[in-house]
1. Looking at (1) surrounded by fewer than 24 Cβ atoms within 10 Å (Cβ to Cβ); (2) within 22 Å of A:P335 (Cβ to Cβ); (3) not β-branched (V, I, T), which is the only condition A:K238 fails?
2. Can you tell me which residues in the stretch B:63-82 are in contact (Cβ under 8 Å) with a residue 12 or more places away in the chain and either more than 7 Å from chain A (Cβ to nearest Cβ) or among the hydrophobic types (A, V, I, L, M, F, W, C) (or both)?
3. Tell me whether the stretch A:116-138 contains one or more residues that are in contact (Cβ under 8 Å) with a residue 60 or more places away in the chain, within 14 Å of A:E232 (Cβ to Cβ) and surrounded by 21 or more Cβ atoms within 10 Å (Cβ to Cβ).
4. Go through (1) of a type outside the set (K, R); (2) in contact with a Ser or Thr (Cβ under 8 Å, 6 or more places away or on another chain); (3) assigned to a loop (DSSP other than H, G, I, E, B) and name the single condition B:G263 misses.
5. Starting from residues that are among the hydrophobic types (A, V, I, L, M, F, W, C) and without any contact (Cβ under 8 Å) to a residue 60 or more places away in the chain, keep the ones in the stretch B:1-15 and report whichever is farthest from the other protein chains (Cβ to nearest Cβ).
6. If a residue must be in contact (Cβ under 8 Å) with a residue 40 or more places away in the chain, at the interface with chain B (Cβ under 9 Å from one of its Cβ atoms) and hydroxyl-bearing (S, T, Y), how many such residues does the stretch A:248-267 contain?
7. Kindly evaluate A:A122 against the criterion of being at pLDDT 95 or above, more than 22 Å from A:G244 (Cα to Cα) and touching a strand residue (DSSP E or B) at 6+ places or on another chain (Cβ under 7 Å).
8. Test B:K289 against the criterion of being closer than 30 Å to A:N7 by Cα, out of contact with any strand residue (DSSP E or B) (no Cβ under 9 Å at 6 or more places or on another chain) and within 14 Å of chain A (Cβ to nearest Cβ), and give yes or no.
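The values are calculated or read from the model by the stated rules, or taken from the named source; none is laboratory data. Since the structure is predicted, the reported quantities are computational estimates derived from the model, not experimental observations. Using ideal geometry, Cβ is built from the backbone for each residue, glycine included, and neighbour counts are taken over all protein chains shown.
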There are 2 protein chains.
Amino acid sequence: MININENYLKLENSYLFSTIAKKIEEYQENNPKTEIIKLGIGDVTLPIVPTVVNAVKTAMDEMGDVDKLMGYGPEQGYDFLRERIAKIDYEKKGINVTLDEIFVSDGSKSDTGNIGDIFSIANTVAITDPIYPVYLDTNIMAGRKIVYMPSTSENNFVPDLPEEKADMIYLCSPNNPTGEVLKKEELKVWVDYALENKSIILFDGAYESFITEDNIPHSIYEIERAKEVAIEFRSFSKTAGFTGLRCAYTVVPKELKAYTKSGKKVSINSLWNRRQTTKFNGVPYIIQKGAEAIYSDKGQKEIKDNISYYLENARIIREGLANAGYTVFGGINAPYIWLKVPDNLGSWEFFDKLLHEKGIVGTPGSGFGPNGEGYFRLTAFASRKNTIEAINRIKS
Amino acid sequence: MININENYLKLENSYLFSTIAKKIEEYQENNPKTEIIKLGIGDVTLPIVPTVVNAVKTAMDEMGDVDKLMGYGPEQGYDFLRERIAKIDYEKKGINVTLDEIFVSDGSKSDTGNIGDIFSIANTVAITDPIYPVYLDTNIMAGRKIVYMPSTSENNFVPDLPEEKADMIYLCSPNNPTGEVLKKEELKVWVDYALENKSIILFDGAYESFITEDNIPHSIYEIERAKEVAIEFRSFSKTAGFTGLRCAYTVVPKELKAYTKSGKKVSINSLWNRRQTTKFNGVPYIIQKGAEAIYSDKGQKEIKDNISYYLENARIIREGLANAGYTVFGGINAPYIWLKVPDNLGSWEFFDKLLHEKGIVGTPGSGFGPNGEGYFRLTAFASRKNTIEAINRIKS
């Protein structure tokens with residue numbers, strides 16, 4: 001008799017975004033004239049930059065040419081892209097990452113979700129709360145024990161070390177959903193903890209390109225000895241608007257070790273390579289050519305202009321809300337603004353109020369975990385016009 | 001202390017294709033004038049057809065347009081593609097598959113590899129031998145018990161039912177590597193077995209479009225009640241040369257049930273949907289637009305011309321070898337020719353002989369499992385000129 005993985009039955013149904021969609025629909029039906037402004041979604045809205053569009057189209061022409069067709073590629077990604085990543089994203093910032101430590105993939109969601117494959121289900125997992133739900137759900141699916149680390153305004157969104165020893169620790173900075181960041185000395189605490197406890201840090205740096213302040217690490221490898229204890233996830237989704245093109249990469253250092261039950265050291269790089277070559281067949285050649293184009297001088301300028309546009313939206317929301325008397329977090333090094341819901345309202349109550357009174361959609365903080373209750377997420381990905389209009393409505 | 005998934009240590013190192021590459025390199029160095037013909041690789045060589053090239057490029061232009069940009073798509077695939085699949089691949093052939101039973105993905109390698117996520121590790125897995133190594137390796141990684149079903153010329157490549165009860169059964173028809181197929185009545189034996197034993201069949205139909213003979217099922221759902229027991233994997237890799245573009249789909253019928261340990265029925269469709277929405281973010285929009293274009297009249301004609309080209313290569317190899325006295329299998333409904341190694345040579349001995357005496361590269365059958373020993377795989381994916389030249393060399 002075929003048995004299921006019963007861990008799946010422990011998952012909570014994730015009705016967050018479908019509930020939001022339903023509420024919007026209802027409201028719009030009853031208020032057909034209101035132009036709803038959506039600041040809830042984490043998806044980009046600026047188009048793919050011209051340099052990338054051209055690179056992908058040129059690569060597609062190659063695919064139609066018998067002499068240039070690219071079939072199965074290396075599962076780890078083409079060297080032309082891995083060389084750019086190693087050079088521009090790391091070497092230029094004083095970090096040494098070799099090509100065979102870089103694994104190009106179809107997204108950080110896939111990688112943060114699949115990375116558990118190579119680790120024992122007996123490991124204890126520490127997850128900040130609130131957080132991107134994939135870390136939690138994938139570890140519930142695997143059946144691992146999970147420890148939550150509250151991350152709220154009380155601790156300035158810098159979670160305390162877990163009381164119980166954690167073997168796998170997920171950190172995300174700049175953070176989704178709070179938009180807050182870990183400073184160098186704050187991140188160092190975690191690296192030291194991992195070194196001491198032989199733990200591993202799964203560091204999600206998907207929003208790295210939004211960092212504007214000094215002393216905020218862009219990579220965990222800026223912390224001494226982090227290559228011995230950390231895997232780093234990076235994505236082109238927010239850096240270059242690739243949410244619909246699907247390309248990301250993960251760095252698995254060769255210094256990084258895990259252990260058998262009997263204490264024998266094993267290379268995680270080799271295990272992840274075995275996982276990817278067995279269960280993945282690489283990112284489309286044309287997408288990798290598009291990602292490569294980001295690293296040209298012209299590409300860099302174009303994507304940085306887009307990031308600046310979103311950051312200016314974030315500033316408008318952050319300052320506008322602050323002026324209107326709200327307590328706001330994030331939005332300086334991230335496209336997310338995390339606000340304290342006023343008047344002791346719940347996250348969902350505030351959602352309804354904002355929709356019904358102002359025609360504005362955001363995301364209830366409780367959707368990201370119990371400690372998100374009483375908070376609310378707004379995103380900087382709308383158009384400038386709608387962003388300004390939203391703030392004017394809130395102020396009015 | 002971070003522990004690894006120790007099942008990974010049970011995997012054999014897969015040196016097959018790297019060993020082949022090394023042998024070729026050595027030979028070429030010593031014989032710089034010989035033009036080596038490669039009939040070993042399972043990758044396509046004809047370019048992507050014009051209809052697909054144009055569709056992808058047009059979609060990429062949309063991505064660069066602020067009004068048409070497509071961001072995060074549905075993890076299950078866009079309806080425009082799922083509608084074509086349901087209509088052309090199934091409805092036209094008398095099979096009812098609904099849109100929410102179709103999951104578009106980046107490849108059958110990913111899907112056949114990841115499908116195990118939703119099943120208990122306590123299930124026993126039956127795998128034909130020889131076989132595509134992903135079925136085996138991913139179940140070793142999960143720690144499942146594996147039962148092998150020999151598939152050789154002695155049983156006409158129709159494996160016997162396993163002696164031990166199997167919960168998960170991998171079948172691949174047309175088969176990689178043997179190129180042989182299961183007839184309708186032969187496949188029905190498996191569906192009946194699965195119904196009786198509450199097993200599940202994982203049916204890999206990646207080579208479906210190469211079927212030329214009647215009475216060979218293109219889909220397992222041609223067998224009555226198969227939707228209650230089978231998941232079907234299909235790929236655009238061989239159908240339309242998408243090995244470098246990465247698109248496939250998997251059908252998970254809603255009738256299909258698995259069980260908790262206590263015997264409660266659970267919908268596999270829901271579990272797979274939860275897996276994909278949690279650990280996957282969909283196939284790039286532009287790739288799905290390319291896949292959609294295959295289903296246009298022009299697209300259908302173009303890809304069928306390519307399949308015919310490969311099938312003619314297969315015929316040339318099959319008949320040429322038969323005329324030269326070899327015992328050959330496959331090559332009628334598949335791009336693979338599986339030949340019995342003559343003179344009681346081993347697979348690797350024959351590999352060396354063919355390379356050194358004829359300058360031709362194939363794949364030793366033993367690379368696909370112990371029962372592949374004494375066999376050898378040639379593929380129909382080379383150019384016509386090289387295919388003919390290879391046969392002439394073998395005959396001479």
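1. Only one criterion is unmet by A:K238, namely (1).
2. Taking the stretch B:63-82 first, the residues in contact (Cβ under 8 Å) with a residue 12 or more places away in the chain are B:63, B:70, B:72-82.
Residues satisfying the conditions are B:M63, B:M70, B:P74, B:E75, B:Q76, B:G77, B:Y78, B:D79, B:F80, B:L81, B:R82.
3. No: the stretch A:116-138 contains no residue that is in contact (Cβ under 8 Å) with a residue 60 or more places away in the chain, within 14 Å of A:E232 (Cβ to Cβ) and surrounded by 21 or more Cβ atoms within 10 Å (Cβ to Cβ).
4. Among (1) of a type outside the set (K, R); (2) in contact with a Ser or Thr (Cβ under 8 Å, 6 or more places away or on another chain); (3) assigned to a loop (DSSP other than H, G, I, E, B), B:G263 violates only (2).
5. Keep residues of the stretch B:1-15 that are among the hydrophobic types (A, V, I, L, M, F, W, C), which gives B:1-2, B:4, B:9, B:11.
From what is left, the residues that are without any contact (Cβ under 8 Å) to a residue 60 or more places away in the chain are B:1-2, B:4, B:9.
Values: B:M1: 4, B:I2: 5, B:I4: 5, B:L9: 7 Å.
Among them, the one singled out is B:L9.
6. Taking the stretch A:248-267 and keeping what is in contact (Cβ under 8 Å) with a residue 40 or more places away in the chain, we get A:248-254, A:256, A:258-259, A:261.
Keeping just the survivors that are at the interface with chain B (Cβ under 9 Å from one of its Cβ atoms) gives A:258-259, A:261.
Those still in the list that are hydroxyl-bearing (S, T, Y) too: A:259.
Residues in the stretch A:248-267 being in contact (Cβ under 8 Å) with a residue 40 or more places away in the chain, at the interface with chain B (Cβ under 9 Å from one of its Cβ atoms) and hydroxyl-bearing (S, T, Y): 1 in total.
7. Values: at pLDDT 95 or above: yes; more than 22 Å from A:G244 (Cα to Cα): yes; touching a strand residue (DSSP E or B) at 6+ places or on another chain (Cβ under 7 Å): yes.
Taking the combined requirement at face value, the residue satisfies it.
8. Values: closer than 30 Å to A:N7 by Cα: no; out of contact with any strand residue (DSSP E or B) (no Cβ under 9 Å at 6 or more places or on another chain): yes; within 14 Å of chain A (Cβ to nearest Cβ): yes.
So B:K289 fails the test.
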